[in-house]
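A.B. asks: Attaching a single structure in structure tokens format; questions to follow.
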Amino acid sequence: MTATTVNTHTDSTAALKKERRRAIAFGVFFLIVAAAILVLFIFNTDSQMVSTLKLNPTTRNKPIHVPDLVLPTQLTLIVLMIITGAIGAYQLGRGFKNAATALGVVFLLFIAAFLVWATRNKAINLLGILSFTVAAATPIAFAGLSGVMCERSGVINIAIEGQMLVGAMIAVLVASVTGSQWFGLGAAIISGAVLGAVLAVLAIRFIVDQIIAGVAINIFGLGITSFISQRYMQPNPELNTGGVFPRIAIPFLSKIPVIGPIFFNQNAIVYILFLTVLVMHFMLWYTQWGLRTQAVGEHPRAADTLGINVFRIRYINVIIGGMIASIGGAYLTIGSVGRFDENITAGKGFIGLAAMIFGQWTPLGTYGASLIFGFSDALQAKLQILGKVQVPIPSEWLLILPYLITIIVLAGVVGRTVPPAADGQPYIKE
Amino acid sequence: MDESSSHSVTPKSKDAKKKSSSWASAMVVPLLAVFTALVIGALLIAFTDPVVLDAWKHFFADPMGALAATWQSIAVAYGALLSGSLGLVEIWKALGVWLHGGGTEALAVAMVPLSESLTASVPFIFAGLAVAVGFQGGLFNIGAEGQLLVGALSAVYVGYSFPGLPIYIHLPMALIAGFIGGAIWGAIPGLLKAYTGGHEVITTIMMNWIIISISAWLLKVGGPMSRGELPITPEVLPSAQIPKFFSTQGNRFHAGFFLALITAFLIFWLLYKSTKGFEIRMLGANFKAAVYSGINVKHLWVFVMALSGALAGMAGTVQALAIDHWVGMGFSGGMGFDSIALALLGRSHPLGVVLAALLFGTLRNGATRMQSVAHIPIDIITIIQALVIVFIAAPEIIRWLYRLRQPEGEEAPIFTTSWGS
């Protein structure tokens with residue numbers, strides 16, 4: 001960051017050189033991915049094989065029927081490899097302006113190649129995988145949006161994981177007691193607001209290092225949820241049966257072929273996510289609050305001079321950020337499995353932060369990035385159905401995929417995308 | 001050594017006075033932080049106890065009964081914690097028996113809780129040093145959890161795979177394997193930070209989940225490191241086990257304790273008496289100054305992360321080679337998070353870390369008994385640790401609670417560098 005902000009001549013050429021080196025590294029990485037498609041997948045196929053991807057849901061809610069996708073395995077893989085290779089070559093030669101998007105496309109191509117290869121001479125329901133992708137992306141997207149909310153105002157929220165954990169537990173607890181998932185969700189949101197307020201007070205009032213404050217909240221969240229789970233929920237299993245939000249097929253929209261069953265036959269929390277993404281996008285760029293938030297995140301001193309209450313904006317955003325994170329947590333329990341287990345988040349709060357960076361601190365980009373993580377999640381869950389012959393990779397190795405992608409995203413995209421300028425810096429009034 | 005000579009202009013007596021007062025104030029906040037966290041823990045124990053809650057429902061009819069029930073609940077829990085971790089009363093009684101001509105058997109038995117606390121603090125010393133070294137270099141390693149698992153797996157692998165070696169070859173081999181395993185797992189986030197700018201807080205967490213998935217595969221029944229029908233590694237051969245000191249049933253005190261103390265001293269020497277340590281501390285104290293002074297920041301980041309990972313690896317190694325003799329899933333059991341709390345509590349100083357580790361070892365050991373006697377989930381310790389971190393990081397809260405005055409020139413550690421480099 002320091003290297004890119006200075007504008008003297010020598011420094012800028014050094015920065016350009018660094019930029020160029022990164023661009024070349026990216027290009028080489030893309031070519032390696034293309035080579036991996038060749039070695040791992042194409043060499044293990046022959047020209048007779050066919051992959052069938054079903055595009056019609058097996059549920060009762062039937063959209064207009066579309067023919068299944070029947071692909072010649074080897075030819076499809078070769079096409080995917082050529083596209084990946086071309087992206088790599090272009091990156092080496094000219095360089096993409098938006099490297100994050102290029103990286104995202106390459107991830108998708110690789111995962112698609114993997115899918116086509118795994119279904120050689122078999123059929124798999126692609127709709128099922130994509131619909132599961134949207135579901136699996138939901139908690140990650142909420143985590144990422146929470147990050148966007150906080151960091152746009154200049155506060156780093158590492159505490160998302162802890163806020164999600166507490167939200168997940170409170171949601172199932174309250175839903176079990178009241179019998180209503182909506183009450184559970186409401187209680188989770190309140191808990192998120194409280195933990196958001198704790199982070200805000202520590203970071204803004206006490207000027208605690210934001211990462212330490214966040215880690216403390218994460219540890220607290222892990223401790224308190226495990227404590228309550230053992231003290232109350234294990235002796236009383238009826239406290240851990242919150243039920244699950246039912247699927248709602250949205251009229252008309254869910255009848256659209258392919259898109260309908262994927263996006264518009266989900267549960268209420270997923271629809272809340274869609275709304276949150278759109279509302280946040282609108283609010284950040286078209287309202288007074290959004291523009292003030294960005295001013296506070298980029299240059300709090302200037303914002304203060306113009307009469308914006310920096311502290312107030314930061315308090316509001318961090319508290320709302322906590323609420324958004326806790327909805328993601330609630331999804332993990334009352335949105336999918338209906339029960340709480342210790343450490344149920346499994347790092348999703350941190351993956352969400354990677355999605356936020358990948359999405360360049362925008363709500364729409366963050367959601368797009370979450371879908372890539374969700375896709376890799378869905379793949380490892382669904383591919384086990386195909387069995388060992390089709391996918392001779394232990395399922396534990398596939399579990400690594402989201403974490404590995406997170407690291408690659410951080411390694412590849414950080415430094416090429418620009419976080420809010422005052423991100424992570426406490427503001428001290430003069 | 002260079003820095004002290006440059007400060008020689010200042011009068012010595014003034015310096016010495018300042019130093020002693022800062023030492024005292026440096027102890028006050030951590031002690032009060034731990035105390036306050038324990039008080040909050042006590043309230044949490046009492047007010048999640050159905051008996052206490054029931055008594056408070058009749059508060060207006062029987063106020064003393066409510067208070068007595070609260071006190072009773074806390075006393076049972078913390079009493080179990082104390083007797084399980086120190087057992088001073090039992091030791092006192094056994095001493096009496098011994099002085100009146102009785103045997104030493106009772107004394108040996110009474111000493112078990114105390115020595116178990118020392119034993120439990122051994123991995124904490126290593127893991128705390130790991131995080132502390134990172135803090136000193138301005139790096140926040142929250143991946144000790146994964147690094148100690150890698151260390152333990154490597155050490156145990158060496159420990160069961162080479163039969164027929166004498167202990168003075170086999171044991172060092174296993175120790176070194178654990179050291180290197182942890183170092184590699186720590187160096188990867190260091191390399192990522194140095195050469196790509198990936199923030200270590202996220203990459204180390206991801207590395208944790210990656211090794212958890214890999215070890216699930218290694219250890220599952222039929223996996224490469226599983227023991228037949230059991231999802232755990234084979235038993236470490238006696239030639240690679242860290243020797244125990246006492247033969248009393250349940251007393252597992254082992255030579256690793258001294259290894260931990262020696263390591264703490266070496267780290268102290270490295271940080272405060274060597275050029276490398278000076279560079280590390282400068283990097284942590286003032287990043288820009290370190291860059292302009294010509295230190296190779298990238299190499300140093302990788303070095304610090306590798307060392308940090310190696311120390312965390314040793315935490316797992318010593319625990320596996322001395323206590324368990326095998327590794328299963330859930331081996332690390334939250335030790336990675338404990339280490340953050342105790343590194344902060346010990347102010348990232350090796351001596352402070354050792355003291356904090358002794359405290360946490362005592363707490364953890366006592367909490368095991370508290371769980372079995374008073375049915376308090378052991379996670380109460382995790383909550384207490386989170387509170388300790390908050391109070392250490394925000395000493396203003398403690399000073400406000402106890403009406404303490406603000407000391408001059410106190411600095412809190414800063415790690416937030418946003419997502420770039």
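The values are calculated or read from the model by the stated rules, or taken from the named source; none is laboratory data. Being a predicted model, the structure only gives us computed values, none of them experimental. Ideal geometry is used to build each Cβ from the backbone, glycine not excepted, and the neighbour counts take in all protein chains shown.
A.B. asks: Kindly indicate whether B:Ile180 is aliphatic (A, V, I, L, M), more than 9 Å from chain A (Cβ to nearest Cβ) and either buried (at least 20 other Cβ atoms within 10 Å of the Cβ) or over 16 Å from A:Thr406 (Cα atoms) (or both).
C.D. replies: Yes, satisfied.
A.B. asks: Please go through region A:200-231 and pick out each residue that is more than 7 Å from chain B (Cβ to nearest Cβ), in contact (Cβ under 8 Å) with a residue 40 or more places away in the chain and in a helix (DSSP H, G or I).
C.D. replies: Once the filter is applied, which keeps residues that are more than 7 Å from chain B (Cβ to nearest Cβ), in contact (Cβ under 8 Å) with a residue 40 or more places away in the chain and in a helix (DSSP H, G or I), region A:200-231 yields A:Ala200, A:Ala203, A:Ile204, A:Gly214, A:Ile217, A:Asn218, A:Gly221, A:Thr225, A:Ile228, A:Ser229.
A.B. asks: Just wondering, is there one or more residues in region B:167-174 that are touching a Phe, Trp or Tyr at 6+ places or on another chain (Cβ under 7 Å), over 27 Å from A:Ala355 (Cα atoms), of a type outside the set (Asp, Glu) and crowded, with 21+ Cβ neighbours inside 10 Å?
C.D. replies: The answer is yes, given that some residue of region B:167-174 is touching a Phe, Trp or Tyr at 6+ places or on another chain (Cβ under 7 Å), over 27 Å from A:Ala355 (Cα atoms), of a type outside the set (Asp, Glu) and crowded, with 21+ Cβ neighbours inside 10 Å.
A.B. asks: Within the group A:Pro420, A:Pro392, A:Pro402, which residue is closer than 21 Å to A:Ile124 by Cβ, within 14 Å of chain B (Cβ to nearest Cβ) and touching a Lys or Arg at 6+ places or on another chain (Cβ under 9 Å)?
C.D. replies: A:Pro402
A.B. asks: Take B:Ala312 and decide whether it is in contact with a Ser or Thr (Cβ under 9 Å, 6 or more places away or on another chain) and part of a helix (DSSP H, G or I).
C.D. replies: Spelling it out, B:Ala312 is indeed in contact with a Ser or Thr (Cβ under 9 Å, 6 or more places away or on another chain) and part of a helix (DSSP H, G or I).
A.B. asks: How about region A:121-158: which of its residues are within 14 Å of chain B (Cβ to nearest Cβ) and in a helix (DSSP H, G or I)?
C.D. replies: A:Ile140, A:Ala143, A:Gly144, A:Gly147, A:Val148, A:Cys150, A:Glu151
A.B. asks: Among what's in region B:126-170 and is aromatic (Phe, Trp, Tyr) and farther than 16 Å from B:Thr317 by Cα, pick the residue that is modelled with the lowest pLDDT.
C.D. replies: Looking at residues that are aromatic (Phe, Trp, Tyr) and farther than 16 Å from B:Thr317 by Cα, I get B:Phe140.
A.B. asks: How about region B:343-402: which of its residues are surrounded by fewer than 24 Cβ atoms within 10 Å (Cβ to Cβ), within 14 Å of chain A (Cβ to nearest Cβ) and not in a helix (DSSP H, G or I)?
C.D. replies: If the condition is that a residue be surrounded by fewer than 24 Cβ atoms within 10 Å (Cβ to Cβ), within 14 Å of chain A (Cβ to nearest Cβ) and not in a helix (DSSP H, G or I), then B:Arg347, B:Ser348, B:His375, B:Pro377, B:Ile378, B:Asp379 are the ones that fit.
A.B. asks: So which of A:Leu332, A:Leu353, A:Leu306 is in contact (Cβ under 8 Å) with a residue 60 or more places away in the chain and away from chain B (no Cβ under 14 Å)?
C.D. replies: Residue meeting the stated conditions: A:Leu332.
A.B. asks: Restricting the search to region A:135-178, which residues are free of Cβ contacts under 8 Å to residues at least 12 places away in the same chain and not polar (S, T, N, Q)?
C.D. replies: None - no residue of region A:135-178 is free of Cβ contacts under 8 Å to residues at least 12 places away in the same chain and not polar (S, T, N, Q), so the list stays empty.
A.B. asks: Also: Take region B:186-210 and flag every residue that is more than 9 Å from chain A (Cβ to nearest Cβ) and farther than 22 Å from A:Asn157 by Cβ.
C.D. replies: Listed by number, the residues that qualify are B:Gly186, B:Ala187, B:Gly190, B:Leu191, B:Ala194.
A.B. asks: To continue, here is another question. For region B:332-341, indicate whether the set of residues that are within 14 Å of chain A (Cβ to nearest Cβ), aromatic (Phe, Trp, Tyr), in a helix (DSSP H, G or I) and touching a residue at least 12 places away in the same chain (Cβ under 8 Å) is non-empty.
C.D. replies: Yes - at least one qualifying residue is present in region B:332-341.
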